[in-house]
Amino acid sequence: MAVMAGNSAETCYSKYGAVSLKGKFCHEMALRIILHSLDLRANCYQRFVVPLLSVSADFYVRVFVRVFTGQAKVKASASKQALVFHCMGCGSHHLQRLGRATSHGSGFKYSAATGPPVGPTCEFCQQRHQVGGPVWAEPLHDPAFVKGVLAALERSPGRFSTEPRMRGMLSVIAEELSDVPLYYTLDGLSSTIRSNTPSLLQLRSALLHAGFRVSLSHACRNAVKTDAPPAVLWDIMRCWAKLHPVKWERLPDSSPAARILAVEPTLQASFALHEDANPSSRKRGLKRFPENPEAFWGPKARAKPG
């Protein structure tokens, strides 16, 4: 996971054919790197993969895929992969598809994609971008398969000792936005503008009031997965900073926080509680993000001789 989370991008490329980035979304990006690598290897044999379930839990990732054979559909694989442009200052990210698939009569026409989606510097904080990927840009899960696994758990209560955790994680996965790659985090957004952190329900409510969709991510407790563009997210955070002022004297003029907050928001965000802000899995009190079972739990250092 250290390699896939951005610590050794060159090693990640040699093993999986993709450059990893050290961002807040690194755990989901690890899943997408694995799926990209699987699909790339399958394409060499005129095959392609369809993800059923992709899980990032504890210190590992695990994916379940089906492999199909079909030369015609293999041609669409380029349009399923994307490069990731990640701002080094504010953390905004944009995706650039490698290919484009357009309907052409009864079939599809495949061509190279156009871009890039960003300029030389970030439009919000004027910092440079890192480029990562390619990564899988299609859905990580098959909703019907996830519902089937949940139904199987309901039919056999007590069969597995980890049933509460399985039910909680699968419920969060079922609630995820399938067509939105990667995510932001509550602490990441607030630390960028040097303000206190809004609650999860407040930020979700602001996005819902603005007319956008939002969900959690099973890969991170504080994740905010939304189809709102970065400009809307920063407008919401500017409105939050007006309600909870930051200490301007501590902000250098060239910092991302100063440059973002120097712009007036065009969207007037409402942080009043929205009726759909609280997800169903949270209302039911499911074990969505279980704590570590004991202290210092997880992968240990390699054993030393002697």
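Answer yes if at least one residue in segment 163-171 is open to solvent by 20 Å² or more (accessible area, probe 1.4 Å), outside any helix (DSSP H, G or I) and modelled with pLDDT of 90 or more, and no otherwise.
No, segment 163-171 has no match at all.
Pick out the one residue from Arg155, Arg128 that is in the same structural domain as Ser8 (by the TED database) and either more than 14 Å from the chain's Cα centre (by Cα) or within 22 Å of Val65 (Cα to Cα) (or both).
Working: Arg155 fails: in the same structural domain as Ser8 (by the TED database).
Among Arg155, Arg128, only Arg128 is in the same structural domain as Ser8 (by the TED database) and either more than 14 Å from the chain's Cα centre (by Cα) or within 22 Å of Val65 (Cα to Cα) (or both).
Would you please list the contacts, defined by Cβ atoms under 7 Å and residues six or more apart or on different chains, that run from a residue in segment 150-162 that is without any contact (Cβ under 8 Å) to a residue 40 or more places away in the chain and on the phi > 0 side of the Ramachandran plot to a residue that is open to solvent by 70 Å² or more (accessible area, probe 1.4 Å) and of a type outside the set (S, T, N, Q)?
none
Name the residue that is farthest from the chain's Cα centre (by Cα), counting only residues in segment 176-187 that are open to solvent by 10 Å² or more (accessible area, probe 1.4 Å) and not polar (S, T, N, Q).
Asp187
Looking only at segment 79-121, filter to residues that are farther than 18 Å from Gly23 by Cβ and among the aromatic types (Phe, Trp, Tyr); which one of those is most open to solvent (accessible area, probe 1.4 Å)?
Phe108
How many residues are part of a strand (DSSP E or B), under 24 Å from Pro143 (Cα atoms) and within 22 Å of the chain's Cα centre (by Cα) when one looks only at segment 67-88? Before you say what the answer is, go through the steps one by one.
The initial filter retains those residues of segment 67-88 that are part of a strand (DSSP E or B), namely 67-69, 81-87.
If we keep only those that are under 24 Å from Pro143 (Cα atoms) too, we end up with 67-69, 81-82.
Narrowing further to those that are within 22 Å of the chain's Cα centre (by Cα): 81-82.
Count: 2.
Scan Phe289, Phe271 and give me the residue that is aromatic (Phe, Trp, Tyr) and modelled with pLDDT under 90. Give the steps one after another, and end with the answer.
Working: Phe271 fails: modelled with pLDDT under 90.
From the options Phe289, Phe271, the qualifying one is Phe289.
Any residue at all in segment 130-153 that's out of contact with any Ser or Thr (no Cβ under 7 Å at 6 or more places or on another chain), surrounded by fewer than 16 Cβ atoms within 10 Å (Cβ to Cβ), at pLDDT below 90 and not charged (D, E, K, R)?
No, segment 130-153 contains no residue that is out of contact with any Ser or Thr (no Cβ under 7 Å at 6 or more places or on another chain), surrounded by fewer than 16 Cβ atoms within 10 Å (Cβ to Cβ), at pLDDT below 90 and not charged (D, E, K, R).
Kindly establish whether Ala262 is open to solvent by 60 Å² or more (accessible area, probe 1.4 Å), without any contact (Cβ under 8 Å) to a residue 24 or more places away in the chain and more than 19 Å from the chain's Cα centre (by Cα). Don't jump to the end; show me each part of the working.
Numbers: open to solvent by 60 Å² or more (accessible area, probe 1.4 Å): yes; without any contact (Cβ under 8 Å) to a residue 24 or more places away in the chain: yes; more than 19 Å from the chain's Cα centre (by Cα): yes.
Considered against the rule, which asks whether it is open to solvent by 60 Å² or more (accessible area, probe 1.4 Å), without any contact (Cβ under 8 Å) to a residue 24 or more places away in the chain and more than 19 Å from the chain's Cα centre (by Cα), Ala262 comes out as yes.
All but one of (1) out of contact with any helix residue (DSSP H, G or I) (no Cβ under 7 Å at 6 or more places or on another chain); (2) among the hydroxyl-bearing types (Ser, Thr, Tyr); (3) open to solvent by 70 Å² or more (accessible area, probe 1.4 Å) hold for Thr197; which doesn't?
In the conditions (1) out of contact with any helix residue (DSSP H, G or I) (no Cβ under 7 Å at 6 or more places or on another chain); (2) among the hydroxyl-bearing types (Ser, Thr, Tyr); (3) open to solvent by 70 Å² or more (accessible area, probe 1.4 Å), Thr197 misses (1) alone.
From the list Ser190, Ser195, pick out the single residue that is of a type in the set (Gly, Ala, Ser), in a loop (DSSP other than H, G, I, E, B) and either within 22 Å of Glu176 (Cα to Cα) or in contact (Cβ under 8 Å) with a residue 40 or more places away in the chain (or both). Outline the logic, then answer.
On the way: Ser190 fails: in a loop (DSSP other than H, G, I, E, B).
After applying the criteria, what remains is Ser195.
Residue by residue through segment 48-70, note down the ones that are touching a Lys or Arg at 6+ places or on another chain (Cβ under 9 Å) and over 30 Å from Lys300 (Cβ atoms).
We begin by selecting, within segment 48-70, every residue touching a Lys or Arg at 6+ places or on another chain (Cβ under 9 Å); these are 48-57, 67-70.
Phe48, Val49, Val50, Pro51, Leu52, Val67, Phe68, Thr69, Gly70 - these are the residues of segment 48-70 that are touching a Lys or Arg at 6+ places or on another chain (Cβ under 9 Å) and over 30 Å from Lys300 (Cβ atoms).
Residue pairs, Cβ under 9 Å, 6 or more apart or interchain, first in segment 269-286 and within 11 Å of Leu201 (Cα to Cα), second at pLDDT 90 or above and among the charged types (D, E, K, R). List them.
Within 9 Å, the pairs are His274/Arg204; Asp276/Arg204; Ala277/Arg204; Asn278/Arg204; Pro279/Glu175; Pro279/Arg204.
Count, please, the residues in segment 265-292 that happen to be open to solvent by less than 100 Å² (accessible area, probe 1.4 Å) and in a loop (DSSP other than H, G, I, E, B).
Of the residues in segment 265-292, 17 are open to solvent by less than 100 Å² (accessible area, probe 1.4 Å) and in a loop (DSSP other than H, G, I, E, B).
The values are calculated or read from the model by the stated rules, or taken from the named source; none is laboratory data. On a predicted model such as this, the values are computed, not experimentally measured, just so you know. Heads up, the Cβs are rebuilt from the backbone with ideal geometry, glycines too, and the neighbour counts pull from every protein chain shown. Heavy atoms of the whole protein, side chains included, go into the accessibility calculation; ligands, DNA and RNA do not. Shrake-Rupley method; radii C 1.70, N 1.55, O 1.52, S 1.80 Å.
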